Structures are given as structure tokens and as C-alpha cells.
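To start, the structure under review is shown below, and the notes come after it.
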């Protein structure tokens, strides 16, 4: 398994109400192994961090044409560590996996992932996906906190912290190279103001945990963040990548 992620730099205690990013699978997988590309964020309230969730596209042989979307997460260890419950989705899936759902994404096409407060349930977080070309938005589902419904003393709305984007790959390290592009990274604070995302911090899964040494991250000519497998590593662990002018 290999992974690379771009972390948005910012104050550690910054409280956000929305995070979003645009994802394109530029060079798709050619093997049946699972690939997962996601926007991840932790969830908090007045008492601290109670969990986290990841919204993104999957290359998953279990689904029609191998294409799926996922919005799932886990409670923190202090909150029990269980898989977070959530609402049913209008997208189709399997009863044993409510987090992963069929979604007909296409290589080379841009999809906008957005995590924000649910308009339906206090304390819940909603993920949606928008096909940028058609402007069609699909609600994936809502994720509930382990304290659903909210108990007295907890902030019902809560906030988001520590957003990252990542690639999780279960293919062999020598499988054909795959490239995804992240762009238009956006975060809104509690006032609704947009937080500039000027750089990302590179992080690779270590070899001792199963990570491949031949994954890399780079900034393209438009300021997009490329995550590439089966390629020489050109950017080292911990590098702060500055995004280029003209790209949000």
C-alpha cells in the first residue's frame, strides 16, 4: 500500500465550517486493485476532536465499471473508535458498506468534493460531489457524530480541522503508473471567510508500514497538486510545496 498527501498549512486550532477540492484522475489504474483518492478532515466540537472522515473517488472492482465514491469515517479513540454512523444515500451500494457507493466518474474529468455542515441534521457533516463539466451535484450522505443526537453541553454545529488530500493504493509498487490532480483547494472559517491555501506539506506512508518508495508529489504548471505512483520520487518527505500564482 502506498500513499501521498498534501496537508493544508494553517494554525493548528483553526476552526473551519467547509473544505473542498477538485479531483481529476489523469492517468487511471490498469489493475483490479483498490485505489482511493480522498479529501480528509477531522471533526471537532467544544470538547475536542471526536473523529474524522474522508470523501473521494475509488477505483473499486466491486462496483459497475470499477467506479465509486466514498464518504465514511471513524470516531476518535477517546470517542470509542467505531465507524461513524450516517444517513442513507440516494446513490446505490451494498448493505454491508454504506460508505462506498456507485458513481460513474471518468478519467480526465474534474469532480468537486465538498464537506460542510449538514442542513438536515445538527452536528452532522455532509459530503457532496459535483461533476464540474455538467455542474450536476450528488449528495453522498451525512455522517453523524458518535454523540448523535447531540447531548447537552456539546456544540451542535461543530467544526472541521486538519484537512488533507491523499492517495491510498493497494496495488503492487511496480503496477502501472497512476496520476491524480488536486486543485482549487478551499477552506472557509467560522465567519464564512475563505482561508487562502498557499502551500501543501508532503507526506508519504513509510516503508515499514507498507508504503512504496516510488510515489511522488509535484506542482504542475497551473498550480495543481499531482500525486503519482510508480515513478521516481522527486519531492522528499516533509517538503512544503508552494502553489503557483493564478491558481486558487
| request: Mind sorting 17, 225 by how few other Cβ atoms lie within 10 Å of their own Cβ, fewest first? | output: 17, 225
| Largest to smallest principal axis extent of the C-alpha atoms in the stretch 2-242, angstrom | 52, 39, 39
| remark: Quick note on 137, 191, 229, 67, ordering by fewest other C-beta atoms within 10 Å, gives 191, 137, 67, 229
| query | Can you put 176, 216, 145, 134 in order, fewest other beta carbons within 10 Å first? | reply | 134, 176, 216, 145
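Values in this text are rule-based calculations from the coordinates and carry no lab data. In this text, all values refer to a predicted model and were calculated from it rather than measured experimentally. Cβ atoms come from the backbone with ideal geometry, glycine included; neighbour counts cover every protein chain shown.
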